[in-house]
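I have placed the structure first, in the form of structure tokens, so that the comments after it can refer back to it.
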Amino acid sequence: METAIVEIFRFDPKVDKGPRYDTYELPYEEGRSVLDVIKYIYEHYDSTLSFRYGCSVGTCYGCLLKVNGEAVVGCQQPAGKRMKISPLPRQKIIKDLAVDFNSRGDILKKEVIPNERAG
Amino acid sequence: MSENEVLKTDVLIIGAGAAGILAAIRAQAEGADVLLITSGALGRDSSITWMAGGGLVAAFYPPDSPEAHAEDTIKRGRFLSDQELVLALLKQTPQNIMDLDRWGMRFRRRNDGRFEQGLLHGHSQHRGLLHKYDGEFLGRDYRNVLSKQVRRRGLKVVEDCFITDLLTKDERIVGAVGIDIREGEFKVFRSKVTILATGGFPSCYKFYCSSPQSTGAGLGMAYRAGAEFVDMEFVNFYANTGIWPPIFRGEIWPTVIRHFLSGIYLNKYGISFWENYKRKGITGPQAIMQEIREGRGTAHGGIYLSCIHLPENLLEDFYAAAGKVKWLKKLKKVGFDLSRKAVEICPTSLSTLGGCKVDTRCKTNVPGLYAAGEIASGTDGAHTINGNQMAFSLTMGSLAGREAAKEAKEMRMEPSTDDRQVMYLKELAYAPITNKAGVRPFELKSRIREIMWEYANIVGRTEEGLLTAIDMIGQIRKEVPKLSSHARNRRFNLEWVECLEIDNMLTVCEMTIRSALTRKESRGLHFREDFPQMFPEWLRNVIVRKQGDGMSIRTDPVTFSLIRPE
């Protein structure tokens, strides 16, 4: 079976001295989203992993994060075989991938994802 | 344990979707002090309002009228709706939509300035509002417009707070308690009046196209507080939802393949089965579900929806005409070619029609407690028409907010909470992270979802099956005290929150199953294999409430204040 290697940003500002990346190896399956992979890791390997998600179909933008340096909506982004997943930049980190969207004023005014037509 | 921080307010609103936010805006406008709680980040939480498509209806211009709209609604609901409530709400709907328009919703207008309205299935008049731009969903606009209103009006919001229970003192609701997910701390809210706007419980089913957190948490706590529930047996399913590949799970765009690309349903043998069912008068979702249940579904539990019979250039022309539609972009990104591959789809639970029984002021039977949105019931009856649920959510929120603020204003006394209850609930809330290693929430959740899928689906409900389901739910209930989160950290511990959802899921599922068992007929969205007919003597609502440690059920006749069945 093919495996995927996923590095995930881990940081609890209240406990840890600094951030680190944890590496997880999991079976690779085509057609999974980045959020599917994060949830898989959370349910099967490490449930201390913190992240945000809502609708899971690309409407709420709750799972905005960075994959290999690019800001993406987690549930809409196909997962790759090698991924480095980090929280959305310039936001206050609550824990791991979960950020405080209000930490830099009204986030809705500066939506990271450009306006695009839903369908 | 350390002293708990107590936050005080006049009106406490739990849930920040359309109903919750409208309630907050109206209550504040009435001069009340308001606190709005969401389990996620405002506007990015798991509210299904953000997932709304194009369905929103209101009777704006003659010859249409709220009365005509109410008549359509009641007929579609097979005469189980609370007619007085339906009319009261539909009369106020246009005003609320005008406000949304003023706040920046991009509705489509005609040259004369009126809203352009489409004719939606089940409506006798053109009352479906449209987005200004083709292919845009209203959900995105709700999200922007409503969140901005909350900020602009300086409404106090508590984010990332999972409410676990309501507080009761002298039979009145005096607030709520919950977990601040960010810090893992216990929070106590004291309020004069409380509004539940937490949504329904579609995600109690194996496949759903609502949000994953729609597990019925609000219904569970209202139940424990003594609220009455009505029409719990009716669950609305959406026929064409993607289930495979996983990245398409819960997405509703396959309906475009079905209706605009002459998509055909194929079972695992490649046989198109729809015509056989259609001849017998069976609806789409039921036909697909029947096919799956009889063992002709795909390995992932669905059926294929294919449009590979179309010539490639036809598809290309369709893509070109559709423009930059999000789901087409996604297909491209995933590398899924519709001219070669079929999407696996399945009917999935979209919304739950049952919920707290409310009066024409959105008040529940429990003093101090209001309910609005999908958690409240009485509006749809046995079936719902396109766009009505959004209209009801907005209007109920608005109404509940106003009425709650008025009630709070009239209250002289500051409410006080029962310290013993607070202590008890705190212990319960912390149990999953203090319990010794036990059963994990993921396992119980998937078992519950399987039970509902198997026995309380849109087809295959039988007395025998429903009794089995009650038994199985009871077995799982025994494991609730053993629920334990492997993650022991307090800050942003998602597994802990999932543990706290289980008990509520069991409660709402049992209410649904028992209501379905009680209704010995088939009506609207409730199909009993052993009672396939609709009977006039069942023009009654099934009402569930807590009694001692058990569930009590009664049936009340419907009052026909507006129209009677022929």
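Within segment B:319-359, the residues that become at least 50 Å² less accessible when every protein chain is included than when their own chain is isolated (1.4 Å probe; DNA, RNA and ligands ignored) are B:Lys326, B:Lys333.
Centre-to-centre, using Cα atoms only, segment B:499-566 and segment B:302-331 are separated by 41 Å. Compared with the alpha-carbon gap, the fully stretched path from B:Thr468 to B:Leu428 is longer by 11.5 nm at 0.36 nm per residue. Taking the accessible area of the protein assembly as shown, probe 1.4 Å, and keeping the other protein chains in place, the carbon and sulfur fraction comes to 49%. Averaged over peptide B:480-490, the number of partner chain Cβ atoms lying within 10 Å of each residue's Cβ comes to 2. The interface between chain A and chain B buries about 4400 Å² of solvent-accessible area in total (1.4 Å probe, ligands and nucleic acids excluded).
Solvent-accessible surface, computed for protein heavy atoms with a probe of 1.4 Å, shrinks by 50 Å² or more for the following residues of segment B:47-69 when the other protein chains are added to the isolated chain: B:Met51.
Each Lys or Arg adds one and each Asp or Glu takes one away; over the other residues whose Cβ falls under 12 Å from the Cβ of B:Ala437, this sums to +4. Once the other residues with Cβ under 10 Å from the Cβ of B:Lys132 are scored (Lys, Arg +1; Asp, Glu -1), what is the net sum? Charge balance in the 10 Å sphere: -1. Under the membrane-span-like helix rule (DSSP H runs whose alpha carbons stretch at least 27 Å along the helix axis, mean Kyte-Doolittle hydropathy 0.0 or higher), chain B yields B:494-518.
Which whole-angstrom value gives the distance between the alpha carbon centres of segment A:1-36 and segment B:196-242? Here the answer is 32 Å between Cα centres. Accessible area per residue for segment B:240-349 is 47 Å², calculated with a 1.4 Å probe on protein heavy atoms, without ligands, DNA or RNA. Which value, in Å² rounded to 10, gives the accessible area of B:Phe260 with a 1.4 Å probe and all protein chains present? Approximately 150 Å² for this residue. Comparing each chain alone with all protein chains together (probe 1.4 Å, DNA, RNA and ligands left out), the residues of segment B:227-252 losing at least 50 Å² of accessible area are B:Pro246, B:Ile247. With all protein chains kept in place, the per residue accessible area of segment B:428-538 amounts to 39 square angstrom at a probe of 1.4 angstrom.
Per-peptide packing, taken as the mean over residues of other Cβ atoms within 10 Å, places B:241-254, A:22-35 in the sequence B:241-254, A:22-35 from highest down.
Counting only lysines at least 8 places from B:Lys330 when in the same chain, those with an alpha carbon closer than 20 Å to its own are A:Lys66, A:Lys81, B:Lys341.
Helical content of chain A, expressed as a calculated mean residue ellipticity at 222 nm, amounts to -3000 deg cm²/dmol (DSSP H runs of 4 or more residues, -39,500 (n - 2.57) each, divided by residue number, nearest 500).
Averaged over the residues of peptide B:194-204, the number of Cβ atoms from other protein chains lying within 10 Å of each residue's Cβ is 0.
Here the protein assembly as shown carries DSSP beta bridges of which approximately 70% are antiparallel, counting only pairs with both residues inside.
Each part gets one Cα centre, and for segment B:408-443 versus segment B:21-94 those centres are 31 Å apart. For a test of the definition: using alpha carbon positions, the gyration tensor, and the 1.5 limit on a/c, classify chain B as rounded, prolate or oblate. In terms of gyration-tensor shape, rounded. Shielding by partners for peptide A:41-54, expressed as the average number of C-beta atoms from other protein chains within 10 Å of each residue's C-beta, is 6. Under a Cβ-Cβ cut-off of 13 Å, what is the net charge of the residues other than B:Val256 that fall near it, where Lys and Arg count +1 and Asp and Glu count -1? Counting the neighbours of B:Val256, the net charge comes to +1. Percent antiparallel among DSSP beta bridges with both residues in chain B, to the nearest 5? If I count the DSSP bridges inside chain B, around 70 percent turn out antiparallel. Estimated purely from DSSP H runs of n ≥ 4, each contributing -39500 (n - 2.57), the mean residue ellipticity at 222 nm for chain B is -11500 deg cm²/dmol once divided by its residues.
The values are calculated or read from the model by the stated rules, or taken from the named source; none is laboratory data. Worth saying up front: this structure is predicted, and the values here are computed from it rather than measured. Reconstructed Cβ throughout: ideal geometry from the backbone, glycine too, with neighbour counts over all protein chains shown. Accessible surface is based on the protein model in full, side chains and every heavy atom, while ligands, DNA and RNA are left aside. Shrake-Rupley method; radii C 1.70, N 1.55, O 1.52, S 1.80 Å.
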